[in-house]
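See below for the structure under consideration.
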Amino acid sequence: MTLTRSRATSLACILFLLLLTALSVQAVQPPSPQDADSPAGEFSAERAFATVEAVGGEVHPHGTAANDGVRAWITGELERLGLEPEEVDGVGMSGRLGDQSRVAATTNVVATIPGSDSTGPVFLMAHYDSAEVSYGGNDDGAGVATLLETARALGEGEQLRNDVVLVFTDAEEACLCGAEAFAHADPRAADGGVVVNVEARGSAGPAIMFETSDGNAALVDAYAQVPKPVGSSLGVEVYRILPNDTDFSPFLDDPAERFTGLNSAYIDGSATYHSPLDTPDRMSLASLQHHGSSALALVRELGAGDVSVLAEPSSSDATYFTLPGGLLARYPGWLVWPLALGALAAVGALGVLLARRRAIRGVPTTAGRLVLGFVSGLVPLAGAVLASMALWWLMVAVRPGYDEMLDPWRPWGFRVALLGLVATVGAGWFVGLRRSLGPVALSYGALAWLAVLGLVLAAFAPGGSYLAALPALAGAVAGLVVVVRTRGRTGGLSARRVVATLGAAVAVVVLAPVVVLFFPALGLATGAAPALVAMLLVLALTPVVAVLLPRRRLAGRILLGGCGALTVVALVTGFVVDRFDAEHPEPTRLAYVLDADTGEARWVSDEATPADWTARYADTETDLSAAFPMFGDPVWSGESDAADLPAPRAEVTRDETAGDERTVTLAVTPGEGASVGTAGALRYVQLNADAVTSATVAGREVPVDGTTLDTRYYAPDADGFEVVVTLPADDELELRLVAAGGGLEDLPGFEPRPAGVGVAGSHTSELVLVGTTVTL
Ligand SMILES: [Zn+2]
């Protein structure tokens, strides 16, 4: 009778945790797409997809005729909706891309949906240009489609209180210049407001709210009202560390701090990102639906609020995370430290209690054993990181092409393999040490690590502290209940199991969604991040394993063997399912450089190790950084015949010396014919010089690092652009000019890629460069 009841309890506990895991993972999946017959006031992915097809029909980087076509189409659609769109010309400048500044002439499309009694504008923003070699079906056809379908749906409902300003930006991929021009100079942005940016860095997955302005509490409250909020305040912390940028960045950088806002993107399926395969047919309609229904609900929420308040930072960042049932848990930043310290106190109290009891069910729990349990916890934590590195190493060894990817085309097998590997490491630690240290000491060590990490995160990434502190707190409270309740008794096994399971349930709800979101965020190339979060979950589950796993040796072996078998099966499945083929090609990067002064030409690739196809052109490590500063040192290169390509020119239109300062005004033109490569429009002209004290490009002052000028002007037309530099009087100006075009097809010796070999989604793919040095 007892045995049966005990087994039934175990089974119920396991099923409960599995169900909770499934619900937690489901909570961060995108919703089903709505069809074209959905009510007019709702967002329908099927309706919005017509926009995706129009935007992503051609490769359309900034400055191309195709991009002009996309812009005209957007303007037409806005007029069809009864709005009064404006095409706004400007000059945008970005000074945040390393030491390099970038400038572009941009044309944004802006339309205002007037509010009934506006307290300030809500800016809904997406970029309409694509990356150099990309169709931009997802990036950012998804954003443009979200804006247009949202605008249509808003027109069907009651008028909002606030103005909603739709901002379709130009030249995001080049330099975030359209967004910068809008924030810098558009009259509609003059008094600030709340910005909602809509992006895509892949083709699938949930729309994640991953970036916020500082002091995000009020905006997170607004975001919590969307039907399926997906995000974690850990993501906000991680993104602040990463060097990545979107159109949202110029608003965050605004020196007058006029803006607050939220940034969303879907990021899974990153193999298509910026590549020629970012086509409409590869878009997950569920992802588009999630973007759209979130944006529509968020704009309705912000549109009804008081923008004069919302456009000011709240007193703190909120901690927030997705819960099952379309809920967003959130609490203010001031609670982070009390919770982290509370977790530590609870774990400390549990330790004191266990050490005083000296033994639980005959297994010693002395202070020495508890400390050893804690120290041993380093093994699984370090093991998770090493396991993720080993997995990636193995994947690249078997498929060298993975080295150029963030994630494989079909990463699921490998993701499960990494989870299996983490579970194997955790099970190996527990099974291997449970006889010598005892299951209680190991469980205690696991909870103590969670408490310590909760504190570390509270200090360095407060938005992520909940991931460790809440499981530690729940696990320690459960442990205290078990220890106090079972005092003097040897029974109560079922009760112990239930309490331990409830303690671990918190960890499942908190950690499982973040494991799922972290996989695409950093990719398997940086699998250490999801592996570590998964290991936190394994540690938090240790007390449950300790009370559920039978003491027999065989039970431990079965657990370990099961985790190992899962890893192997998933890994083999990953390799079988994900092979390079015509639809899922191996990404390669090739560029061509011509030094117009020497007539020397080379093929160049900045792949880490050149793929077989690339190595036919570029197989020698070379330092080209002096002549072509866009390439780091070293890159792969190989000799080529010189093509007949026009070099850029810089003509002095004015040269004045006043006191000890010389000011040179230059007309920089792309050169005869203006085209470099088969892609038509130039990507940019880059200027590098030393001994410069200040510089202006196309009327915008650009930062000079010390005396080094490193700047680009994007997509110049045949008339070129004006550059003004100042330098010490009597100094010579030595200017390196490089014109960058795209498209290798007509170059001598180039043969098209075979099926299964593709173009990598990078800013140096298919690049054609012509460089010359001018001394003035
Ligand atoms: Zn984008």
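The values are calculated or read from the model by the stated rules, or taken from the named source; none is laboratory data. Model, not experiment: these values are computed from the prediction. Please note: Cβ atoms are built from the backbone with ideal geometry, for glycine as well, and neighbour counts cover all protein chains shown. Surface areas here come from the heavy atoms of the whole protein model, side chains and all, with no ligands, DNA or RNA. Shrake-Rupley method; radii C 1.70, N 1.55, O 1.52, S 1.80 Å.
Do we have SER270 as within 16 Å of the ligand (Cβ to nearest atom), touching a residue at least 60 places away in the same chain (Cβ under 8 Å) and over 28 Å from GLU766 (Cβ atoms) here? I'd like the intermediate steps shown before the answer.
Numbers: within 16 Å of the ligand (Cβ to nearest atom): yes; touching a residue at least 60 places away in the same chain (Cβ under 8 Å): yes; over 28 Å from GLU766 (Cβ atoms): no.
Criteria not met by SER270.
Out of the residues in segment 660-697 that are in contact (Cβ under 8 Å) with a residue 40 or more places away in the chain and of a type in the set (Asp, Glu), which is nearest to GLY741 (Cα to Cα)?
ASP690
Just wondering, is there one or more residues in segment 8-23 that are open to solvent by 60 Å² or more (accessible area, probe 1.4 Å), more than 30 Å from ALA500 (Cβ to Cβ) and aromatic (Phe, Trp, Tyr)?
The answer is no, given that none of the residues of segment 8-23 is open to solvent by 60 Å² or more (accessible area, probe 1.4 Å), more than 30 Å from ALA500 (Cβ to Cβ) and aromatic (Phe, Trp, Tyr).
Looking at VAL52, VAL28, VAL59 in this structure, which one is farther than 18 Å from GLU172 by Cα and either open to solvent by less than 40 Å² (accessible area, probe 1.4 Å) or not small (Gly, Ala, Ser) (or both)?
VAL28
Can you spot a residue in segment 226-237 that is outside any helix (DSSP H, G or I), open to solvent by less than 10 Å² (accessible area, probe 1.4 Å) and within 14 Å of the ligand (Cβ to nearest atom)?
No, that holds for no residue.
If you scan segment 267-292, which residues turn out to be more than 23 Å from ASP221 (Cβ to Cβ) and open to solvent by less than 10 Å² (accessible area, probe 1.4 Å)?
THR272, SER275, ASP278, SER287, LEU288, GLN289 - these are the residues of segment 267-292 that are more than 23 Å from ASP221 (Cβ to Cβ) and open to solvent by less than 10 Å² (accessible area, probe 1.4 Å).
What residue, among those in segment 598-623 that are free of Cβ contacts under 8 Å to residues at least 60 places away in the same chain, open to solvent by 70 Å² or more (accessible area, probe 1.4 Å) and not in a strand (DSSP E or B), is nearest to GLY743 (Cα to Cα)?
Restricting to residues being free of Cβ contacts under 8 Å to residues at least 60 places away in the same chain, open to solvent by 70 Å² or more (accessible area, probe 1.4 Å) and not in a strand (DSSP E or B), the top hit is ARG616.
Could you say which residue among PHE210, PHE251 is part of a helix (DSSP H, G or I), at pLDDT 95 or above and touching a strand residue (DSSP E or B) at 6+ places or on another chain (Cβ under 7 Å)?
PHE251
Here are some conditions: (1) hydrophobic (A, V, I, L, M, F, W, C); (2) in a helix (DSSP H, G or I); (3) open to solvent by less than 20 Å² (accessible area, probe 1.4 Å); (4) more than 16 Å from the ligand (Cβ to nearest atom). VAL194 meets all but one. Which one does it not meet?
Status for VAL194: all satisfied but (2).
Counting only residues that are open to solvent by 30 Å² or more (accessible area, probe 1.4 Å), closer than 17 Å to PHE460 by Cα and in a loop (DSSP other than H, G, I, E, B), how many does segment 317-361 have?
Total meeting the criteria: 2.
Does SER249 qualify as being open to solvent by less than 20 Å² (accessible area, probe 1.4 Å), within 16 Å of the ligand (Cβ to nearest atom) and polar (S, T, N, Q)? Outline the logic, then answer.
Working: open to solvent by less than 20 Å² (accessible area, probe 1.4 Å): yes; within 16 Å of the ligand (Cβ to nearest atom): yes; polar (S, T, N, Q): yes.
Yes; evaluated as a whole, the condition is true for this residue.
What number goes with the only condition from (1) crowded, with 22+ Cβ neighbours inside 10 Å; (2) under 30 Å from GLY326 (Cβ atoms); (3) in contact with an Asp or Glu (Cβ under 7 Å, 6 or more places away or on another chain) that VAL109 does not pass?
The failed condition is (2).
When residues of segment 98-147 are filtered for being within 16 Å of MET283 (Cβ to Cβ), of a type in the set (Gly, Ala, Ser) and assigned to a loop (DSSP other than H, G, I, E, B), how many remain?
Within segment 98-147, residues that are within 16 Å of MET283 (Cβ to Cβ), of a type in the set (Gly, Ala, Ser) and assigned to a loop (DSSP other than H, G, I, E, B) number 4.
Restricting attention to segment 197-225, and to residues there that are in contact with a helix residue (DSSP H, G or I) (Cβ under 6 Å, 6 or more places away or on another chain) and of a type in the set (Val, Ile, Thr), which single residue is farthest from the ligand (Cβ to nearest atom)?
The selected residue is THR212.
Could you check, for segment 128-148, whether at least one of its residues is away from the ligand (no atom under 16 Å from the Cβ) and either touching a His at 6+ places or on another chain (Cβ under 8 Å) or on the phi < 0 side of the Ramachandran plot (or both)? Break it down stepwise before answering.
Of segment 128-148, the ones away from the ligand (no atom under 16 Å from the Cβ) are 148.
With either touching a His at 6+ places or on another chain (Cβ under 8 Å) or on the phi < 0 side of the Ramachandran plot (or both) added as a condition, the list becomes 148.
For segment 128-148, residues away from the ligand (no atom under 16 Å from the Cβ) and either touching a His at 6+ places or on another chain (Cβ under 8 Å) or on the phi < 0 side of the Ramachandran plot (or both): present.
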